[in-house]
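K.L.:
Here's a structure for you.
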Amino acid sequence: MTVWRRLAEIVAEHGAAALVTVQAAVGSTPRPAGTRMVVRPDGAFHGSIGGGQLEWQALAAARAAIARGKGPARLIEKVLGPDLGQCCGGRVTLAIETFDAGDAERLAALAAAEPAESRTTLLLFGAGHVGRALVLALAPLPFAIGWIDSRQDAFPAHIPANTSPIHTDDPAAEIGRALPDAFVLVMTHDHPLDLAITAEALARGFPYVGLIGSKTKRARFEKRFRALGIAAERVQTLACPIGVPQIRGKEPAVIAASVAAQLLAERERIAESAAMPVHRRASG
C-alpha cells in the first residue's frame with residue numbers, strides 16, 4: 001500500500017486521517033513490525049495489521065484519536081493472549097499518528113517521494129464475462145493490468161484504477177510490446193485468436209501464460225503448438241485449464257476467484273525464487 005499517497009488523499013477528501021503502525025512485534029504476531037493501516041474518520045480503512053481483536057481495537061483507538069484532533073503519537077502495547085484472547089501469543093506495540101489539513105503540504109511531499117507500489121504486469125486478453133469478473137477480483141491486488149479486446153464497446157463504463165483498457169484490431173501484437181516479466185492470460189471470444197496469442201506468448205517465454213479452456217481444448221492446442229515449432233518444455237508450462245484445480249465452479253465470479261489465487265501463488269513463487277541464493281536455484 002502506498003501509505004503517504006493514501007493519507008494525502010484521505011486528508012484532502014475527509015479533512016483528517018490516522019496512521020496505525022506496528023512499531024514492534026515480538027514472538028508470534030499476525031503481522032511484522034513496519035506493517036501499516038490508514039484509517040478514515042468514518043472508520044473505513046486501507047491495509048491491515050492482522051485482523052481480529054487487535055485490529056478492531058486499533059481501529060477504535062484510531063477513530064478516537066482523529067476525533068480528539070491533532071496531537072502527539074500514541075503508543076499502545078498489547079500481549080495478544082492475555083489482553084486480547086488471540087492465540088498468536090506474541091506482544092505488539094502500535095503507534096497511532098493523526099493528520100489533518102495542516103499536514104497537507106508535508107503529506108504531498110512524502111507522497112511524491114514514495115516509491116511506486118510493486119505490481120506484476122498482467123496482459124489480460126478478452127473482456128467477456130470472466131474477464132470482467134477477473135478485473136474486479138484483481139482490483140485490490142498487486143497487479144497492473146493491460147486489458148485487451150478487439151471488439152467495439154467491449155469494456156464496461158467503470159474500470160478499476162489498476163486496469164488500462166486497450167482496444168485494438170490486432171490483440172496479438174500486444175505480446176511483442178510486453179515486458180519480459182509480464183503475466184499473460186488469454187480468454188478471448190475467438191479460438192483462433194486464443195491460439196495465436198497463446199502461441200506468441202509461449203514462444204516469448206513469459207513466466208506465466210494461462211489459457212481459459214478445458215483439457216480437450218488444451219490437447220488440441222498442443223498439437224498446433226508442436227506444428228508451429230514451440231518447444232515441448234514451453235508448452236508444458238501453459239496453465240490450462242486455469243485456476244486452482246480444487247475449485248470446480250464455472251460461474252464467472254468463481255473462476256475469477258480461482259484464477260486470482262493462482263496468479264498470486266505464481267507471483268509469490270517467482271518472488272521467492274528470485275530471492276533464493278543462486279547456488280540453491282541451480283540445484284533445484
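Every read-out reported here was derived from the displayed coordinates using simple, explicitly stated rules and does not represent laboratory data. Owing to the predicted nature of the structure, the values given are computational and were not obtained by experimental measurement. All Cβ positions, glycine included, derive from the backbone under ideal geometry; neighbour counts span all protein chains shown.
K.L.:
Could you go through segment 249-254 in sequence order and give the Karplus-derived ³J(HN,Hα) for each residue, using 6.51 cos²θ - 1.76 cosθ + 1.60 with θ = phi - 60°, rounded to whole Hz, and x for Gly and Pro?
P.N.:
x, 10, 5, x, 5, 5
K.L.:
Using only alpha carbon pairs under 8 Å that are at least six residues apart, calculate the relative contact order of segment 120-275 and give it in whole percent.
P.N.:
Result for segment 120-275 is 24 percent.
K.L.:
Which three extents, in whole angstrom, do the alpha-carbon atoms of segment 3-113 cover along their principal axes, largest first?
P.N.:
Taking the Cα atoms of segment 3-113, the three principal extents are 41, 28, 22 Å.
K.L.:
For segment 92-166, divide the Cα radius of gyration by the Kirkwood radius and give the resulting Rg/Rh value with two decimals.
P.N.:
With Rh from the inverse mean 1/r over Cα pairs, Rg/Rh is 1.17.
K.L.:
Among DSSP bridges having both ends in the chain, what percentage is antiparallel? Round to the nearest 5.
P.N.:
Among the beta bridges of the chain, antiparallel pairing accounts for roughly 55 percent.
K.L.:
Further, regarding this structure: Can you give me the convex hull volume of the Cα atoms of segment 204-247, divided per residue and expressed in Å³?
P.N.:
Considering the Cα atoms of segment 204-247, their hull volume per residue is 73 Å³.
K.L.:
Roughly speaking, what is the centre-to-centre gap between segment 34-61 and segment 238-252 when only Cα atoms are used, to the nearest Å?
P.N.:
33
K.L.:
So what's the back-of-envelope 222 nm ellipticity for the chain, counting only DSSP H runs of four-plus at -39500 (n - 2.57) apiece and dividing by all residues, rounded to 500?
P.N.:
One gets -13000 deg cm²/dmol as the mean residue ellipticity at 222 nm.
K.L.:
Now a separate question. When ranked by the protection proxy of mean other Cβ atoms within 10 Å per residue, highest first, what sequence do the peptides 190-202, 31-43 form?
P.N.:
So the order, starting with the most tightly packed, is 190-202, 31-43.
K.L.:
Just order 49-60, 107-118 by mean Cβ neighbour count inside 10 Å, highest at the front, would you?
P.N.:
Per-residue mean Cβ counts within 10 Å order the peptides as 49-60, 107-118.
K.L.:
Using Cα pairs under 8 angstrom and six or more residues apart, how large is the relative contact order of segment 118-166, in percent?
P.N.:
43
K.L.:
Please list, in order along segment 231-245, the HN-Hα scalar couplings obtained from phi with the Karplus expression 6.51 cos²θ - 1.76 cosθ + 1.60 (θ = phi - 60°), rounded to whole Hz, x for Gly and Pro.
P.N.:
Per-residue couplings from phi come out as 4, 4, 5, 6, 4, 5, 7, 4, 8, 6, x, 8, x, 6, x Hz.
K.L.:
Give the long-range amide H neighbours of Phe183: residues separated by 5 or more places, or on another chain, with amide H under 5 Å away, using H modelled in the peptide plane at 1.01 Å from N.
P.N.:
Those qualifying (amide H under 5 Å, at least 5 residues apart or on another chain) are Thr121, Leu122, Leu123.
K.L.:
HN-Hα J couplings of segment 90-103 from phi, Karplus 6.51/-1.76/1.60, θ = phi - 60°, integer Hz, Gly and Pro as x?
P.N.:
Here the 3J(HN,Hα) series is x, 10, 10, 10, 10, 10, 10, 10, 10, 9, 9, 4, x, 9 Hz.
K.L.:
When N is the residue count of segment 120-275, what does its C-alpha Rg come to as a fraction of 2.2 N^0.38 Å?
P.N.:
Taking N as the residue count of segment 120-275, the ratio is 0.97.
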